[in-house]
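Some notes on the structure that comes next.
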Amino acid sequence: MRRGWSASGRAVAVATALWALAAPLSSAQNTQTPFGGFKHDASQPIEVSADSLEVRNAEKMAVFRGNVDVRQGVMRMRADRIEISYGGTGEKASSVPSGIPGAGGSIDRLQAIGDVLISNGKEQAEASLADYNVVNGVIELTGDVLLVQGGNIAKSDRLTIDLATGTAQMKSEGRIQMKLQPNQANN
C-alpha cells in the first residue's frame with residue numbers, strides 16, 4: 001500500500017479514477033493541464049533523510065535507502081530508494097547536501113524507485129518510479145501514475161511535471177482516466 005492512503009481510501013481513489021474524461025479529452029492519450037502547486041524554486045537546497053546512505057564517489061552518486069524523504073522548499077518526494085547523481089556545474093543545479101561526504105559540484109538528478117510519492121501543497125502524485133532532472137526542473141513519473149489535486153483524480157502511465165511553468169502532461173498507452181469535481185478550484 002502506498003504511503004498516505006488507507007486501503008479503503010486508495011480503493012475509492014482508484015475506482016473513481018476509472019471515469020473516462022469528458023468531451024474532447026475522452027479519447028485523448030496525451031493531455032496537458034495546469035498544476036500551479038507544482039511550480040516552485042528549484043534552486044532551493046535539497047534536504048534528504050533515510051535509513052541508510054551509500055556514497056559511490058567514482059560514479060558521482062549517493063544512494064539513499066529505506067523511508068527516504070527528500071524536501072526542496074515546499075515540494076516533498078518520498079520513496080523506498082532515491083539515487084542522487086551529483087557533480088554538475090550548471091547554474092540551475094542545486095547544491096549538494098552537506099551530508100554526502102566527498103561530493104563536489106551540484107545535484108544533477110534524483111531517481112526515486114518504489115512507492116514514490118511527490119507532494120506540493122494541494123497536488124499529490126504517486127508512481128512506481130520518478131526521475132527528477134534538477135537542472136531542467138522536470139520530474140517524470142512512470143508506472144501506475146495517480147495524480148490527486150483537491151477532489152480531482154487522474155490516472156495514466158506517465159506524468160511529466162515542468163516545475164518552471166507549473167504544468168503537467170499526462171501520457172498513456174491506453175486511455176487517460178480522470179474524475180473531475182465541478183465547481184472546485186484547482187489551486
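Read the figures in this text as sums done on the coordinates, not as results from a lab. As the structure is a prediction and not an experimental result, all values here were calculated from the model. Positions of Cβ are generated from backbone atoms using ideal geometry, with glycine treated the same way; all protein chains shown enter the neighbour counts.
The simple spin-label model puts a point 7 Å past each Cα toward its Cβ; for Arg76 and Asp51 those points are separated by 1.9 nm.
Computed from label points 7 Å out along Cα-Cβ, the spacing between Ser43 and Glu59 is 3.2 nm. Taking 0.36 nm per residue of separation and subtracting the current Cα-Cα distance, fully stretching the chain between Thr165 and Asp69 would add 32.1 nm.
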